[in-house]
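Inspection log for the structure reproduced underneath, given as structure tokens.
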Amino acid sequence: MSTLSSLLPEPRFNSRAGDETVAEEEFAIQQSNSKEIVSKKRTIPPYGKRQGWTPKTLEDFGDGGAYPEILIGQYPLRMGIKSTKKGKVLSKQVDSEGNIKYDAIAKYGHGENRIVQSEFKEIVPLRERLGVNDDNVMQERPDEDTIMETAERTRQAIEKKIQGKLASAKPLGGRNQMEPGISYIRYTPNESAPDANSGISQRIIRMSEMPVDPMEPPKFKHKRIPGAPPSPPAPVLHSPPRPVSVEEQKAWVIPPCISNWKNAKGYTIPLDKRLAADGRGLQEVKINDNFAKLSEAMLAAERHAREEVRQRALMQQNLARKEKENKEEHLRMLAQRAREERSGVNAGIPSRNRNNEELDYKNSREKGYSSNSETEVEESSRGRVPPHNREDDDEVRKREEIRREKQKELRRDLRMSKMGTEAKAKYMAKVENRDISEKIALGLAKPKNIAGDAMFDSRLIHRNESSGPNLNDDESYSIYDKPLLHGSNANANYRPRNIDTGEEDAAFAETINKSLEVDRFGNGMGSKVKDNRKQKSGNVRANPVEFEKEDIFGVNQFLNEAKLGLKRGKDGDDRSPKKHKG
């Protein structure tokens with residue numbers, strides 16, 4: 001007997017193998033997910049080792065609450081976080097073509113159904129826009145039913161608003177509505193009561209709330225109950241105490257606040273305390289690098305200036321040395337020439353060449369000083385002398401000497417004409433004493449060896465001033481026994497000098513005399529000055545000034561007054577008899 005399985009064809013796929021492969025794949029996926037979960041799971045440090053660790057995600061809290069030893073805001077399971085407000089930052093939006101929608105800024109804060117016209121095309125009429133057909137612009141008008149329905153809804157809305165305003169304006173008695181809180185009660189009195197009215201069987205009573213007077217003062221005094229104590233603060237767990245370092249102790253020292261303007265108690269505050277309260281120690285001082293650059297530039301400039309000064313000093317020394325050498329050479333040549341002229345022996349160099357040398361020396365002084373090599377070349381060139389005639393040289397030398405003397409005289413006369421009065425006087429004194437100066441210069445004014453009485457002035461010997469009768473009186477006030485000068489010497493000493501003044505001085509003196517003689521103000525001062533000048537010119541002093549002895553005790557004045565008194569008495573005696581007779 002054949003079975004159904006034998007009649008059916010063999011299956012192409014094994015269902016069990018497929019189930020096993022699916023199960024294996026699901027198991028592998030679960031294993032990978034679990035590995036990912038394990039790898040993503042963060043490790044939480046144990047208690048006591050959480051210094052520097054901060055919980056940031058929900059996985060950091062696990063299934064527990066906050067960590068009390070971490071002193072920051074913690075929100076496990078997002079408990080206590082305030083609802084986030086809508087931010088003010090807009091995300092960038094684009095349209096279907098990829099262009100940025102800048103009108104999102106204008107539409108911010110408005111509803112979705114509100115139309116915000118933020119484009120330029122919206123201010124252009126619809127018929128004038130580009131890309132808009134007239135068919136789209138023309139729309140069909142609504143039918144009559146739609147118009148009537150819309151008008152009815154509008155009328156009802158307007159009537160509703162009007163009826164509400166009219167009802168609020170009506171008084172309370174005119175209202176038909178029943179006020180809330182009103183009730184009607186049927187009351188039947190007890191006839192057996194002593195005060196019962198037998199004529200009334202029943203009555204209806206209307207019960208309503210009594211209206212409240214808005215101006216009535218309050219019936220009760222409200223007292224504010226003090227608030228309940230707040231919830232106890234959350235406990236804060238601290239790490240175990242540790243010793244405080246010296247730096248931390250200094251950091252906790254807070255300096256007292258010291259005013260820079262007031263000192264009411266008059267305390268003497270040290271400068272370190274005042275500076276500590278200033279807070280400048282807490283600031284980090286930053287020095288700009290430009291200060292170092294400036295100081296370096298200043299040092300470089302100073303070094304350069306010192307080098308220039310040194311070079312300038314060396315150049316000046318070289319110039320002074322060259323000038324001194326040229327001057328010495330010139331003086332040496334002049335001395336050599338003087339010795340040759342005195343001895344009468346001509347040197348190898350003619351006078352014409354000497355004049356050329358003098359001209360070269362002057363030119364070198366005017367144009368500047370050349371180098372040593374140039375001077376050597378010039379000296380070597382000067383040494384080459386062409387052949388010459390001795391007689392011609394003597395004649396040329398004589399003519400040059402005469403010409404030189406004439407030039408000296410002309411220059412002296414020119415200087416004398418340009419000299420002032422004082423300079424002329426000094427020059428004349430120098431000319432008078434020239435003999436002794438020349439002797440000293442030539443070495444002829446040497447003192448002779450004098451011995452015996454010739455060493456002393458004979459005028460001071462054998463004089464009788466030291467004898468007794470010739471001595472001056474001690475009580476006299478005369479210091480000198482005789483005048484210093486006698487006779488003609490005294491007159492010559494005190495005689496005014498005749499000094500020749502120039503033409504300018506004479507003209508100046510004449511203008512002064514004219515201005516003094518002119519009587520500008522008509523008070524006769526011009527004539528007086530003229531008379532005084534004539535009197536002074538007539539009283540020319542011929543002798544030295546004589547002084548009178550001072551009368552210290554007033555004896556001479558007393559004697560003069562006594563003499564005048566006697567003379568007046570005699571005159572009175574002579575006149576009195578005449579008056580009596582008359």
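The values are calculated or read from the model by the stated rules, or taken from the named source; none is laboratory data. Being a predicted model, the structure only gives us computed values, none of them experimental. Please note: Cβ atoms are built from the backbone with ideal geometry, for glycine as well, and neighbour counts cover all protein chains shown.
Applying the selection to the stretch 95-142, what residues are in contact with a Ser or Thr (Cβ under 9 Å, 6 or more places away or on another chain), touching a residue at least 12 places away in the same chain (Cβ under 8 Å) and outside any helix (DSSP H, G or I)?
Answer for the stretch 95-142, where residues must be in contact with a Ser or Thr (Cβ under 9 Å, 6 or more places away or on another chain), touching a residue at least 12 places away in the same chain (Cβ under 8 Å) and outside any helix (DSSP H, G or I): I105, A106.
Determine whether S380 is at pLDDT below 80 and under 60 Å from the mean Cα position of the chain (by Cα). Spell out how you get there, then give the answer.
Working: at pLDDT below 80: yes; under 60 Å from the mean Cα position of the chain (by Cα): no.
Taking the combined requirement at face value, the residue does not satisfy it.
For the stretch 71-94, how many residues are of a type in the set (A, V, I, L, M) and either in contact (Cβ under 8 Å) with a residue 60 or more places away in the chain or under 30 Å from G52 (Cβ atoms) (or both)?
The initial filter retains those residues of the stretch 71-94 that are of a type in the set (A, V, I, L, M), namely 71-72, 77, 79, 81, 89-90, 94.
If we keep only those that are either in contact (Cβ under 8 Å) with a residue 60 or more places away in the chain or under 30 Å from G52 (Cβ atoms) (or both) as well, we get 71-72, 77, 79, 81.
Of the residues in the stretch 71-94, 5 are of a type in the set (A, V, I, L, M) and either in contact (Cβ under 8 Å) with a residue 60 or more places away in the chain or under 30 Å from G52 (Cβ atoms) (or both).
How many residues, within the stretch 383-416, are at pLDDT below 85, in a helix (DSSP H, G or I) and either under 60 Å from the mean Cα position of the chain (by Cα) or basic (K, R) (or both)?
The qualifying residues number 3.
Examine the stretch 255-267 for a residue that is under 30 Å from K49 (Cβ atoms) and either in contact with a strand residue (DSSP E or B) (Cβ under 6 Å, 6 or more places away or on another chain) or modelled with pLDDT under 90 (or both), and state whether such a residue exists. I'd like the intermediate steps shown before the answer.
Step one: filter the stretch 255-267 for residues under 30 Å from K49 (Cβ atoms), giving none.
No: zero hits.
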